[in-house]
Amino acid sequence: MSEPTASDTSRHFLKQWIEEDLAAGANDGKVVTRFPPEPNGWIHIGHAKAICIDFGMAQAFGGTCHLRMDDTNPSKESDEYVEQIKRDITWLGFKWDKFFYAAQMFDKMWFIAEELINRSHAYICELSQEQWKEYRGVPTQPGKPSPFRDRPAEESLALFRRMRAGEFADGTLCLRAKIDMASPNIHFRDPVLYRINHMPHYHTGDTWCVYPMYDFAHPIEDALEGVTHSMCTLEFEVHRPLYDWVIDRMDEMNLLVVRDGKKIRPQQREFARLNLTYTVMSKRKLMQLVDENRVDGWDDPRMPTVAGLRRRGYTPAAIRNFCERIGVSKYESETDVALLEFCIREDLNKITQRRMAVLDPLKVVVDNYPEGQTEMVTLSNNPGDPDSGERQVPFSREIWIERDDFMEVPEKKFFRMAPGQEVRLRGAYIFKCESCIKDADGKVTEVHGTYDTLSKGGNASDGRKIKGTIHWVSVAHAVEAEVRLYDRLFTSSNPLAEEQGDFLDYLNPNSMSTIKGYIEPALAEAAPGDIFQFERLAYFCADSKYSKPGAPVFNRTVTLRDSK
RNA sequence: UGUCUCAUUGUGUAAUGGUAGCACAACUGACUCUGACUCAGUUUGUCUAGGUUCGAAUCCUAGUGAGACAACCA
């Protein structure tokens, strides 16, 4: 597995931003970034993009990246998610330099909030949320000041402390920044800094019943950690002036981290989040799919979660490569999922071993092969990789082939098995089909023919060319395995953008099917997580959730290009 | 009737005042112990209108279209 690398060819705007910043002498050339998930769900391919950017930019400039749990809202957070996020990031191949919880900084945030009150930059507001709607105004109309806006600092401070002491119910009071009620940017119209939430926090327990809002907490977290470049998605663009406002206040309080005699002033920039065709990325909706048991958990192979992709057989290198190829911009694009599938095919093609498996079996009898005889034939594990080695596969009189590989009446350019036509049984012999047996419905049940005894290994002794080659498994030696075929979860390319109906209306009822296939004996020993290419069929990953030895379960990763 | 952001082939992205390139997708062909892979090739693009300039995807103005913002979520 190659190490994650940031692109040195594409120079997207974030990279340019940091380059220019460094060229101007900022931070003495030191870059510190951070990836700040809220631990309220499993991370998905969209987070993978952010992770590749956050960690990748740090790496590209010789800097470091922190992992921080942005856990300022106890309502939805848990350690289960924290641990899963850590596992997934590690699996993707990234290493954080430092790890933080936002909750570790609650004391500092509280201190800053009190200082803001003392400096008349914040006040306790008693307006209800409904009343505030009226005061705040709408984007096109200015708001009007809260009646509590000019209350004395001592009064606000006392109330703020009583808030913390638990004297008030949720929603009755809040701490607001005093900025500009007429600002065209709603986020400047006295935004809430602290709210009351009588809810135990998964880490701080009942220590707090007041919690800072994202807009207040995030810049403080960045500043206290010494983050230099804070990258996030586009929806936070309008929050940036407020981010800078908080940083300015911290600067006034001399709270910015000082490195080599210089203040580290974090800056925020925004990039477009990832949208993929046929894919729902909203954490809330993914949660819904899990909660309503429409999928088999967050790591269901149909889920766009990192864990789902892993269970499906995606490799970290393929995901990183995908994130590299999609680039970074501020255009709200929708990437074709075909690019993701290309990336995994490209990687798997290099690293997977080839195995023979028959998923829709048709019996073939080699009439001139001695009954009861078995011989081993040698097959390369990966013809494109000389170091992949070889294996022995048993061949005998009766074999399974793919039903698709036989046509009683071949169409033109069909070079596989058909009466009167020669075909190569991969790695074994050249076989000439002579007849087939059909049942009452006309369905072919068995094919007969003879093999060229001088063609062991698959090459004709007289040098004649055989155009078709097919895979097979010996009936006597084949192992039955469960094969799960996963299709897209949604039938609509954009289930969230459809004019009418719920995204659930576009769930694909055939998104998962299970079949019994016959696999060559060597495959029975596949370890969970091993990935193989089933000849000409697709890539399959031995499922990490199977436990029965000798009866593996394989998940299809991605099909090969459709054959004509 | 607000502020901010965005617009380059079917999709995504590069070109930062000087030949519009790359990848995916699609289509041809060659090769092949699988029709996959690989290789070669083809098709398709600067939202519109003005302006600045020897020269504009790039700078300016206006328009069009898309998105974000009106949680005590992040």
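The values are calculated or read from the model by the stated rules, or taken from the named source; none is laboratory data. Just so we're clear, the structure is a prediction, and the values are computed from it rather than from any experiment. Backbone-built Cβ (ideal geometry, glycine too); neighbour counts: all protein chains shown. Heads up: the accessible areas ignore ligands, DNA and RNA and are worked out on the full protein's heavy atoms, side chains in. Shrake-Rupley method; radii C 1.70, N 1.55, O 1.52, S 1.80 Å.
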So which residues in the stretch A:347-400 are among the basic types (Lys, Arg) and open to solvent by less than 10 Å² (accessible area, probe 1.4 Å)?
-> none
Can you tell me which residue within the stretch A:114-145, out of those that are more than 9 Å from RNA strand B (Cβ to nearest atom) and of a type in the set (A, V, I, L, M, F, W, C), is nearest to A:Asp180 (Cα to Cα)?
-> A:Ala122
For the stretch A:417-449, which residues satisfy the criterion of being over 18 Å from A:Glu535 (Cα atoms) and of a type in the set (A, V, I, L, M)?
-> A:Ala418, A:Ile437, A:Ala440, A:Val444, A:Val447
So which of A:Val328, A:Val337 ends up being within 24 Å of A:Arg536 (Cα to Cα) and either without any contact (Cβ under 8 Å) to a residue 24 or more places away in the chain or among the hydrophobic types (A, V, I, L, M, F, W, C) (or both)?
-> A:Val337
Subset of the stretch A:226-241 [near RNA strand B (Cβ under 10 Å from one of its atoms) and either open to solvent by less than 10 Å² (accessible area, probe 1.4 Å) or assigned to a helix (DSSP H, G or I) (or both)] | A:Leu234, A:Glu235, A:Phe236, A:Glu237, A:Val238, A:His239, A:Arg240, A:Pro241
Subset of the stretch A:140-149, residues closer than 18 Å to A:Arg119 by Cα and either surrounded by fewer than 11 Cβ atoms within 10 Å (Cβ to Cβ) or basic (Lys, Arg) (or both), comes to A:Arg149
Answer yes or no: is there a residue in the stretch A:478-492 that is under 21 Å from A:Ala428 (Cα atoms), touching a residue at least 40 places away in the same chain (Cβ under 8 Å) and part of a strand (DSSP E or B).
-> yes
Regarding A:Phe216, is this residue open to solvent by less than 10 Å² (accessible area, probe 1.4 Å), modelled with pLDDT of 95 or more, within 14 Å of RNA strand B (Cβ to nearest atom) and under 20 Å from A:Ile117 (Cβ atoms)?
-> yes
Which residues, taken from the stretch A:514-549, are in contact with a strand residue (DSSP E or B) (Cβ under 7 Å, 6 or more places away or on another chain), part of a loop (DSSP other than H, G, I, E, B) and away from RNA strand B (no atom under 16 Å from the Cβ)?
-> A:Ala526, A:Ala527, A:Pro528, A:Gly529, A:Asp530, A:Asp543, A:Tyr546
Being in contact with a Lys or Arg (Cβ under 9 Å, 6 or more places away or on another chain), open to solvent by less than 70 Å² (accessible area, probe 1.4 Å), closer than 30 Å to A:Lys285 by Cα and assigned to a loop (DSSP other than H, G, I, E, B), is that true of even one residue in the stretch A:497-508?
-> yes
Filtering the stretch A:428-450 for residues that are open to solvent by 30 Å² or more (accessible area, probe 1.4 Å) and either among the aromatic types (Phe, Trp, Tyr) or outside any strand (DSSP E or B) (or both) leaves a count of 5
Members of the stretch A:413-423 that are within 43 Å of the chain's Cα centre (by Cα) and either open to solvent by less than 50 Å² (accessible area, probe 1.4 Å) or free of Cβ contacts under 8 Å to residues at least 40 places away in the same chain (or both) | A:Lys413, A:Phe414, A:Met417, A:Val423
Which residues, counting only those in the stretch A:389-412, are within 42 Å of the chain's Cα centre (by Cα) and in a strand (DSSP E or B)?
-> A:Glu390, A:Arg391, A:Gln392, A:Val393, A:Pro394, A:Phe395, A:Ile399, A:Trp400, A:Ile401, A:Glu402, A:Phe406
Is it true that some residue in the stretch A:465-488 is at pLDDT 95 or above, more than 42 Å from the chain's Cα centre (by Cα) and either of a type in the set (Ser, Thr, Tyr) or loosely packed, with under 12 Cβ neighbours inside 10 Å (or both)?
-> no
Within the stretch A:259-267, is there a residue that is among the aliphatic types (A, V, I, L, M), more than 29 Å from A:Phe322 (Cα to Cα) and either surrounded by 19 or more Cβ atoms within 10 Å (Cβ to Cβ) or out of contact with any Asp or Glu (no Cβ under 6 Å at 6 or more places or on another chain) (or both)?
-> yes
Among residues of the stretch A:1-25, those that are at pLDDT 90 or above, more than 24 Å from the chain's Cα centre (by Cα) and open to solvent by less than 70 Å² (accessible area, probe 1.4 Å), counted = 6
If you check every pair at least six apart or on different chains, which have Cβ atoms under 9 Å apart with a residue in the stretch A:162-187 that is farther than 20 Å from A:Met109 by Cβ and part of a helix (DSSP H, G or I) first and a residue that is among the aliphatic types (A, V, I, L, M) and open to solvent by 20 Å² or more (accessible area, probe 1.4 Å) second?
-> A:Ile186/A:Val138; A:Ile186/A:Val238
